[in-house]
Amino acid sequence: MLVVPLAILAATYVLAINSQWVLLTSITMYAAIWHRGRQSLGIARFYQRQAGAPLSPVHRWLFAGAIYLPMAAAIFLYGHLAPENYEGEPYYAISAGAEIAWGLGLLAFIWVIAYFIWTSPQVQRNCQLKLGQAQKTQILHPGERWVVLAHAVAFGSSYVLGATNASFLLVLAVHHEVQYLYFTYAMGRRSIASRNRENFPGNSQSEFRFAASFAVWPLIGLTGAMSSSWYQIEWLAPLGVGGLFCHYWLDGRIWTRRSMAS
């Protein structure tokens, strides 16, 4: 947990010292897409496990495509629409031409629609089942569909419209962090409530302290990112970028832990 982040920071400083800022910006671009997509995949799979497992091989196939195709389309569409700059900085774009870029975008759109068409009867079936039957029958968790929808809308809007207006990428970043913080807050709150610690929930002081604890590290990260852009301190800029890479790696570890499978 410490060796890899330190190695990431060291590698970032080496690239910065050798003026490889275009490469660092490119890594940031593609790592951000992987990171945001991986989070959506992890949360949606969490809901799948709550319901049991994927309903069938078709469900697993449609679900995987609805997550990964918007990610792939985002890479090629952004590379086609904004081949020179990412968030105002030069980067190495992956571009295979307009036909491939828009073709992938269309395929991703069709795949997501197919996922929702296939899962709609499953949702209706869930509603028709009584509580006792639902506990004994494998069902589709509604949280999975909402995550897939949010994932598709976020990637479809931000990486297409973000090519002409960087504010859309900021919206995606904010959505991504709010989604993650709310999910972890809800899971932590449920765990504490199950142990009935300090009469939680119901105790307003406990509720406030617990919610505020989730704002500490985001505020630290935001302060570090803003400091690196406000103050032109040579050693601070690589720290901000390296810290972002460490965040991507650590978050990826969360969704690949064996404990998430239980």
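The values are calculated or read from the model by the stated rules, or taken from the named source; none is laboratory data. This one's a predicted model, so the numbers in the text were calculated from it and none came from an experiment. Here Cβ is always computed from backbone atoms with ideal geometry, including for glycine, and neighbour counts include all displayed protein chains. Note: accessible area is taken over every heavy atom of the protein model, side chains too, but ligands, DNA and RNA are not part of it. Shrake-Rupley method; radii C 1.70, N 1.55, O 1.52, S 1.80 Å.
For the range 1-25, a residue qualifies if it is open to solvent by 60 Å² or more (accessible area, probe 1.4 Å) and over 21 Å from Asn85 (Cα atoms), and the qualifying residues are Met1, Leu2, Val3, Leu6, Tyr13, Val14, Ile17. Tallying residues that are among the small types (Gly, Ala, Ser) and under 16 Å from Arg38 (Cα atoms) within the range 157-188 yields 1.
Quick check on the range 90-111. Is at least one of its residues β-branched (Val, Ile, Thr), assigned to a helix (DSSP H, G or I) and within 20 Å of Ala44 (Cα to Cα)? Taking every residue of the range 90-111 in turn, at least one turns out to be β-branched (Val, Ile, Thr), assigned to a helix (DSSP H, G or I) and within 20 Å of Ala44 (Cα to Cα). Of the residues screened, Ile94 is one that is of a type outside the set (Gly, Ala, Ser), touching a residue at least 12 places away in the same chain (Cβ under 8 Å) and open to solvent by 50 Å² or more (accessible area, probe 1.4 Å). The listed residues are Phe245, Phe168, and the only one of them that is within 21 Å of the chain's Cα centre (by Cα), at pLDDT 70 or above and open to solvent by 60 Å² or more (accessible area, probe 1.4 Å) turns out to be Phe168.
Out of Arg60, Arg49, report the one residue that is in a helix (DSSP H, G or I) and at pLDDT below 85. Going through Arg60, Arg49 in turn, the sole match is Arg49. Selection of the range 57-86 for residues being within 18 Å of His141 (Cα to Cα), surrounded by fewer than 21 Cβ atoms within 10 Å (Cβ to Cβ) and touching a residue at least 60 places away in the same chain (Cβ under 8 Å) yields Val58, His59.
Taken over the range 47-84, the criterion of being of a type in the set (A, V, I, L, M, F, W, C) and in contact with an Asp or Glu (Cβ under 9 Å, 6 or more places away or on another chain) is satisfied by Ala51, Phe63. When the criteria are applied in full, Pro54 meets the requirement of being farther than 16 Å from Ser157 by Cβ, at pLDDT below 90 and open to solvent by less than 50 Å² (accessible area, probe 1.4 Å).
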